[in-house]
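Participant: Please find one structure pasted underneath; my questions will follow.
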Amino acid sequence: MENYDDITQLHFQHVLRRFRLEAGLTQEQLSEKIGVSPGFYSMMEIGRKWPNINMLFRIAEALGKRPGELVDALEKESKK
């Protein structure tokens, strides 16, 4: 069985950054949309902070995605 903690730690920041850039948003713009400070958001994008499930839903909504799309992309990223 795969270690999903490692998948999250190694790949979530890549998925988050890619989706943010695809949406044409700056870190500041996305942080405002999800209700966190730009500093906190930046820490998520470099892999030092992790969203809880509520924040994952807010991130997905702000990016125009379903939460499952973030999870699917995370799984795909981990298989590269």
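Participant: Would you mind getting me the FRET efficiency between Gln29 and Lys65? Use the beta-carbon distance for r and R0 = 25 Å, nearest 0.05. Please report the intermediate quantities before stating the final value.
Facilitator: On the way: r = 16 Å, r/R0 = 0.62.
Once the sixth-power term is evaluated, E becomes 0.95.
Participant: So if each residue of separation counts as 0.36 nm, and I subtract the Cα-Cα distance between Leu21 and Met43, what length gain in nm does that give?
Facilitator: Taking 0.36 nm per residue and subtracting the Cα distance, the gain is 6.3 nm.
Participant: Treating only the Cα positions of the chain as identical point scatterers, give the base-10 log of I(q)/I(0) from the Debye formula at each q in 0.22, 0.27 Å⁻¹.
Facilitator: Reported log10 I(q)/I(0), two decimals: -1.02, -1.53.
Quick note: the coordinates plus some simple rules give every number you see, no bench work behind them. Every value quoted in this text rests on a predicted model; they were computed, and no experiment measured them. Neighbour counts are summed over all protein chains in view; Cβ atoms, including those assigned to glycine, are modelled from backbone coordinates with ideal geometry.
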